[in-house]
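Encoded as structure tokens, the structure appears first; notes follow it.
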Amino acid sequence: MALEEPGLRVLDVSKKFKSSKRPVFKDVNFDLGRSGRLALLGRNGQGKSTLIQMLGGIMPPSTGKIEWNMTTSWPIGFAGGFQGSLSGLDNVRFLSRLYKRDYKETLARVDDFAELGKALREPVKHFSSGMRARLAFGLSLAIEFDCYLIDELVAVGDARFQRKCQEGLFEDRGHCAFLMASHDTNLITRYCDRALIIESGKAKIFDDIKEAVEVYTWLRAA
Amino acid sequence: MPNTKQHLWLIIPPCADRDDWVASITAQATDAGFTVINSAADANTAALGKTLTLSPDPEEARKTGVQAKDVAVLLSTSGPLSAKLDADNDPAPRHTAVKNASDFIRRGYAFFPDRVFKAEDFAGTSVKLFPGFSLLGPPSTSTSNRNRALKEALSIYAADHAFWGSEVFDINAKDVRHNKEEVALDLTGRPRFLIFGPYIVMPAGRWKAVARIGFSAPTARHQYRADWGAQDTYTSHHFRPEREGVFQVEIEYEWDKPSASEFRLLLLEGAFDGEVTFFGVEIVRVG
């Protein structure tokens, strides 16, 4: 039987900003299966969000290749993709067209999940960061992707909403792949089966999630 | 008048080529008129006359009250492990084998200090072990690096000092590179025992272990612990190298009775990156 092609393949990816002499990271290599659950661990400033944004197509890698063989969400927790002068409703309409989804059905699902009510009629630029995150999260679940990119889930809403997000993402979509950057080691240990740790420009894959968390815990304490 | 009553003992502690030695000795002893007894349990049932009892354990000979002149302890150059144990991925049987073989060699030196013969002495010539019985060793066979290193490590009983090379120790790392006399290991991973072994039985007394360990820059900032002693009681030394380079760790431990020894290096923190190089341990009696 032929081995299944991974849903995501990252090949020798490096990122260097023009303003910096040293790359954020270099020679990053990993695969993600179609139901793989990969944690992205690293101290602040090591490049987790940068990598997630590259995977989400928001910024290009300096070198290397990112190959997607499954659909992927925009980075959840990143609400930069909205058109600020449009209302929430118009943004839902725009993204429904872009992803070829039924507007009414998508809106109903977003409204049910994000709990924004009448605020959806307001321009997104008037939303608080929490409201934007709710809208982004609700939209990404309503559109349904094969893989979800999550940049620090804890940033989305209050404790009740976070539980709702976790249920919607990890339980209702248990068959999906996801790649999650987080400092919450309990969440990582509970939901991820592998981890990529980024530290001082190097990235290493750990197939044992508990080992990865132990190593990361030391890095964070050092 | 020829000696018609001789009850001799030949002790051959476990070694890789023990079967070759036993076959060679049996043939030569039979030619010399000896009845060869392969099991110490049968020694008392031997017919009167010339007997040669083979055993791995000097204690069996001592228990019979035999005089030292009638005992020879023969130490092979091949090292203490059989090929099967040497290749076994499970280290536990190997540790037990090293412990047993070393204890038999230790007893050989302790009970019959002037009657220990090394296989090197047999290189192409026959050696007179007893009046009327000279022995020619079997052709030497190749042995593994680990067995060679263990054989050198076991010279502790003859000289009160020995070098325990990196190959007599177990290494716990995903990536391990053996060079000539050192081993380089990738430190990446959780806190753990990095190096441990070799479970050679130490004679009573105070012994110093001098370990040489190299740390790369990323590994120098971690905290480590070195242990030296018996398996259940030992002396520990905590350290953090702080800079890259090769360091020497000296620890002493006193054995009040013979028991298996263990040198260990522990990584006390999770490590993301870097390499530790282990150059082995010098063991010296200090009291």
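Results for (1) at pLDDT 95 or above; (2) part of a helix (DSSP H, G or I); (3) over 18 Å from B:PRO198 (Cα atoms), shown as yes or no for each residue.
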position: B:ARG225; (1), (2), (3): yes, no, no
position: B:ASP232; (1), (2), (3): no, no, no
position: B:SER236; (1), (2), (3): yes, no, no
position: B:PRO241; (1), (2), (3): yes, no, yes
position: B:VAL246; (1), (2), (3): yes, no, yes
position: B:GLU250; (1), (2), (3): yes, no, no
position: B:TYR253; (1), (2), (3): yes, no, no
position: B:PHE263; (1), (2), (3): yes, no, no
position: B:LEU266; (1), (2), (3): yes, no, no
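Of all residues in segment A:183-202, which are within 10 Å of chain B (Cβ to nearest Cβ) and over 14 Å from B:PRO218 (Cα atoms)?
Result: A:ILE197, A:ILE198.
If a residue has to be in contact with a Pro (Cβ under 7 Å, 6 or more places away or on another chain) and open to solvent by less than 70 Å² (accessible area, probe 1.4 Å) to count, how many in segment A:70-102 make the cut?
Residues in segment A:70-102 being in contact with a Pro (Cβ under 7 Å, 6 or more places away or on another chain) and open to solvent by less than 70 Å² (accessible area, probe 1.4 Å): 3 in total.
Within the bounds of segment B:277-284, is there any residue that is surrounded by fewer than 16 Cβ atoms within 10 Å (Cβ to Cβ) and under 30 Å from A:GLU199 (Cα atoms)?
No; the residues of segment B:277-284 include none that is surrounded by fewer than 16 Cβ atoms within 10 Å (Cβ to Cβ) and under 30 Å from A:GLU199 (Cα atoms).
So A:GLU105 clears everything in (1) open to solvent by 70 Å² or more (accessible area, probe 1.4 Å); (2) closer than 22 Å to A:LEU169 by Cα; (3) out of contact with any Ser or Thr (no Cβ under 9 Å at 6 or more places or on another chain) except one condition, right? Which one?
A:GLU105 satisfies all of (1) open to solvent by 70 Å² or more (accessible area, probe 1.4 Å); (2) closer than 22 Å to A:LEU169 by Cα; (3) out of contact with any Ser or Thr (no Cβ under 9 Å at 6 or more places or on another chain) except (3).
For residues that are more than 21 Å from the chain's Cα centre (by Cα) and hydrophobic (A, V, I, L, M, F, W, C), scanning just segment B:224-241, find the one that is least open to solvent (accessible area, probe 1.4 Å).
Of everything passing the filter in segment B:224-241, B:ALA226 is least open to solvent (accessible area, probe 1.4 Å).
Would you point out the residue of segment B:67-95, among those that are among the charged types (D, E, K, R) and in a helix (DSSP H, G or I), that is most open to solvent (accessible area, probe 1.4 Å)?
Looking at residues that are among the charged types (D, E, K, R) and in a helix (DSSP H, G or I), I get B:LYS84.
Considering only segment A:163-170, I want to know if a residue exists there that is away from chain B (no Cβ under 14 Å), in contact (Cβ under 8 Å) with a residue 24 or more places away in the chain and among the aromatic types (Phe, Trp, Tyr).
No, because not a single residue in segment A:163-170 is away from chain B (no Cβ under 14 Å), in contact (Cβ under 8 Å) with a residue 24 or more places away in the chain and among the aromatic types (Phe, Trp, Tyr).
Cβ-Cβ distance below 8 Å, separation of 6 or more or different chains: which pairs start in segment A:91-114 with a residue that is acidic (Asp, Glu) and end on one that is open to solvent by 30 Å² or more (accessible area, probe 1.4 Å)?
Here the result reads A:ASP111/A:GLY117, each pair linking segment A:91-114 to a residue that is open to solvent by 30 Å² or more (accessible area, probe 1.4 Å).
When you go through (1) open to solvent by less than 30 Å² (accessible area, probe 1.4 Å); (2) at pLDDT 95 or above; (3) touching a strand residue (DSSP E or B) at 6+ places or on another chain (Cβ under 6 Å); (4) not polar (S, T, N, Q) one by one for B:LEU135, which number turns out not to apply?
(2)
Need at least 2 residues that are closer than 19 Å to B:ALA101 by Cβ per element, so show me which strands (runs of 3 or more DSSP E) inside segment B:118-171 make the cut, counting only ones lying wholly within it.
Counting at least 2 such residues, we get B:161-164.
Please go through segment B:174-221 and give me each residue that is among the aliphatic types (A, V, I, L, M), open to solvent by 10 Å² or more (accessible area, probe 1.4 Å), more than 22 Å from the chain's Cα centre (by Cα) and away from chain A (no Cβ under 14 Å), ordered by number.
B:VAL176 - this is the single residue of segment B:174-221 that is among the aliphatic types (A, V, I, L, M), open to solvent by 10 Å² or more (accessible area, probe 1.4 Å), more than 22 Å from the chain's Cα centre (by Cα) and away from chain A (no Cβ under 14 Å).
Of all residues in segment B:274-284 being in a strand (DSSP E or B) and either among the polar types (S, T, N, Q) or on the phi > 0 side of the Ramachandran plot (or both), which is farthest from the other protein chains (Cβ to nearest Cβ)?
Filtering segment B:274-284 for residues that are in a strand (DSSP E or B) and either among the polar types (S, T, N, Q) or on the phi > 0 side of the Ramachandran plot (or both), the one farthest from the other protein chains (Cβ to nearest Cβ) comes out as B:GLY280.
One line per residue, one yes/no per condition, for (1) closer than 30 Å to A:SER14 by Cβ; (2) within 16 Å of the chain's Cα centre (by Cα); (3) open to solvent by 60 Å² or more (accessible area, probe 1.4 Å):
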residue: A:ALA142; (1), (2), (3): no, yes, no
residue: A:ARG163; (1), (2), (3): no, no, yes
residue: A:LEU169; (1), (2), (3): yes, yes, no
residue: A:GLY174; (1), (2), (3): no, yes, no
residue: A:SER182; (1), (2), (3): yes, yes, no
residue: A:THR185; (1), (2), (3): yes, no, no
residue: A:ILE188; (1), (2), (3): yes, yes, no
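Identify, please: which residue in segment A:190-204 is open to solvent by 50 Å² or more (accessible area, probe 1.4 Å) and touching a strand residue (DSSP E or B) at 6+ places or on another chain (Cβ under 6 Å) and is, among those, farthest from A:HIS175 (Cα to Cα)?
Result: A:ARG194.
Among the residues of segment A:208-222, what is the count of those that are more than 7 Å from chain B (Cβ to nearest Cβ), open to solvent by less than 60 Å² (accessible area, probe 1.4 Å) and hydrophobic (A, V, I, L, M, F, W, C)?
Number satisfying all stated conditions: 3.
Report yes if some residue within segment B:149-167 is open to solvent by 50 Å² or more (accessible area, probe 1.4 Å) and within 11 Å of the chain's Cα centre (by Cα); otherwise report no.
Yes, segment B:149-167 contains at least one residue that is open to solvent by 50 Å² or more (accessible area, probe 1.4 Å) and within 11 Å of the chain's Cα centre (by Cα).
Just to verify a result, which residue in segment A:25-36, among those that are surrounded by fewer than 21 Cβ atoms within 10 Å (Cβ to Cβ) and under 19 Å from the mean Cα position of the chain (by Cα), is farthest from A:PRO61 (Cα to Cα)?
Filtering segment A:25-36 for residues that are surrounded by fewer than 21 Cβ atoms within 10 Å (Cβ to Cβ) and under 19 Å from the mean Cα position of the chain (by Cα), the one farthest from A:PRO61 (Cα to Cα) comes out as A:SER35.
When A:ALA39 is evaluated against the numbered criteria (1) in a loop (DSSP other than H, G, I, E, B); (2) small (Gly, Ala, Ser); (3) closer than 18 Å to A:ASP151 by Cα, which criterion, by number, is the only one it fails?
For A:ALA39, the failing item is (1).
What residue, among those in segment B:242-273 that are farther than 29 Å from B:GLY287 by Cβ and open to solvent by 10 Å² or more (accessible area, probe 1.4 Å), is farthest from the other protein chains (Cβ to nearest Cβ)?
Of everything passing the filter in segment B:242-273, B:GLY245 is farthest from the other protein chains (Cβ to nearest Cβ).
Any chance you could count how many residues in segment B:192-223 are part of a loop (DSSP other than H, G, I, E, B), touching a strand residue (DSSP E or B) at 6+ places or on another chain (Cβ under 8 Å) and under 17 Å from B:VAL276 (Cα atoms)?
3
Between B:LYS151, B:LYS128, B:LYS84, B:LYS118, which is under 24 Å from B:ARG212 (Cα atoms) and of a type outside the set (A, V, I, L, M, F, W, C)?
B:LYS151
The values are calculated or read from the model by the stated rules, or taken from the named source; none is laboratory data. Keep in mind that this is a model prediction, so the values were computed, not measured. Counting neighbours? That spans all protein chains shown, and the Cβs are built from the backbone with ideal geometry, glycine included. The area values use the complete protein model at the heavy-atom level, side chains included, leaving out ligands, DNA and RNA. Shrake-Rupley method; radii C 1.70, N 1.55, O 1.52, S 1.80 Å.
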